[in-house]
1. To the nearest 0.05, what FRET efficiency results for Leu165 and Val435 with a Förster distance of 60 Å applied to their C-beta separation?
2. Where in the chain are the helices, taken as whole DSSP H runs, whose Cα atoms extend 18 angstrom or more along the long axis and whose Kyte-Doolittle mean reaches at least 1.6?
3. For segment 199-324, I need the span (max minus min coordinate) of the C-alpha atoms along each principal axis, in Å, sorted largest to smallest.
4. Quickly estimate the mean residue ellipticity at 222 nm for the chain, helices only: each DSSP H run with n ≥ 4 gives -39500 (n - 2.57), and the total goes over all residues, rounded to 500.
5. Rolling a 1.4 Å sphere over the protein heavy atoms, what is the accessible area per residue of segment 105-171, to the nearest Å²?
6. Could you tell me which label, among (i) 24, 57, 19, 0; (ii) 21, 54, 24, 2, 0; (iii) 26, 59, 15, 0, carries the value of P(r) over Cα pairs in 20 Å bins from 0, in percent calculated for this structure?
7. First measure r as the distance between the Cβ atoms of Thr125 and Ala351, then evaluate 1/(1 + (r/R0)^6) with R0 = 22 Å and state the FRET efficiency to the nearest 0.05.
8. Which cross-chain or sequence-distant (5 or more) residues have an amide H under 5 Å from the amide H of Tyr10, H modelled 1.01 Å from N in plane?
Amino acid sequence: MAGDAPSPKYSSFTAFTLVVASMVGTGVLTSLGFQVAVLSQGFSLLTLWALGGIASLCGAMSYAELGTRFPGSGGEYRYLSNIFHPVIGFVAGWSSFVVGFSAPIAASGLAFGSYLVNALGWPETIPGWPISSSILAGLVAATCLTFIHALSHSLSGGFQVIFTLFKILIILGLIAIVFLAPNVGIDFTPNVDAWTEMISPGFVISLYFVSYAYSGWNASAYIAGEIKNPEKNLPRSLITGTLVVMVLYIAINAAFLWTIPLPNLNGQVDVGLIYTRTILGSNAGDFLGILIALLLISGMSSMIIAGSRVGQTMADHYPNLQFWAKRNSYGIPIRALVLQWLLIAGYLLTASFDQVILYIGFVLNLFAFLSILGLMIQRYRTGNPSTGYLVPAYPWVPLIFLSFSFWLMLYGLLYRPWESLIGVGVCAFGAILWVLIRNKK
């Protein structure tokens, strides 16, 4: 497929930070409260995070091979267009760009505003303003990030690296302070009760929250066309980034369980706040709110970079969309960034993104499933390429991810049928749009 970025600009380390930043967010600081509502054994609770990490790692290794087989930016849009049919790729790209990135960025923007406003004691309502302080703060953050990433690769990449390293340091700091607290009695060794929990419906349901926290393991695949030496650096960023996050997730959840009695966690969303207040006292709460707000900046930043490349790659390939493919003198897809910002602002100002994320969750899982299934089909068609990354332990690695992803989709259909079907409706609209523009491809 033609129309890739003129020259790759992002380093391997920037691509690595993109993967880490896309994953590490509020999910890991909020999920445990829902899990301890149905599980009570330390071993089964940590196994959740290990299994989620293993599934994500299998997905990352599979995408690493896809990215070297089909070089260029765009992620699922590129893979599915080449393996199956352009309409499937277009629907995947359209859904990702319009909803899959823009709505989560808006959600993170609102969370950023909420944490910041509460931590600083600002009023939520501004006299004479039609929107709340949280929404305004989220909109300002999205605007500033879009502006930064529209300037140059060096500034964009440097900003991403600095804020992601800051995020990792915060997580490591949260893990380190566990040594200031005694064990509340949690046992992490495997026992009969733990194994019993691991075959219960509650364990399976809890895994759904874990999969949400790991989402973003494929982030650098969307900018592969702008990574230096992508044949080596794309696999390195995907696999190393996922491994680092897996270790951080297991460690910080072990710290939470070591420090906080399970009844105090049950049903609580602000697990990180409870943790710091338990160890450092109540005054640590406001400080943590500011830190979490800064954590969210890194995640918003990474999604703004990745999402805009999906839109730019699609626009490159369809003449009716090429107005949005224009790049500036640094090769940055400036118009795709502006269009994405308009979508983010629309979600923020209408506050409609929460339901949209539920609607599209099934569909985004479906596209990842189809992409890795497509890898296996491509291997059957063409065999192993002479160059490029090859998934180790094939076919078991992709089969592990496919099994995990299939369960998530089945769960969505059984327990969120209407949301899943509306997500399918979003895809149908994308297919209609493709029919309208395909004759000028």
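1. For R0 = 60 Å, the calculated efficiency reads 0.85.
2. Membrane-span-like by this criterion, though nothing is claimed about a membrane: 133-149, 153-176, 334-350, 396-415, 417-437.
3. The principal-axis extents, from largest down, are 58, 39, 29 Å.
4. After summing the helix terms and dividing by residue count, I get -23500 deg cm²/dmol.
5. On a per-residue basis, 44 Å².
6. (iii)
7. Working: r = 15 Å, r/R0 = 0.67.
Calculated value: 0.90.
8. Close amide H contacts, sequence-distant or interchain: Ile227, Lys228.
The values are calculated or read from the model by the stated rules, or taken from the named source; none is laboratory data. Remember, predicted model here, so these are calculated numbers, not experimental data. Reconstructed Cβ throughout: ideal geometry from the backbone, glycine too, with neighbour counts over all protein chains shown. In case anyone asks, the SASA skips ligands and DNA or RNA and just uses the protein heavy atoms, side chains included. Shrake-Rupley method; radii C 1.70, N 1.55, O 1.52, S 1.80 Å.
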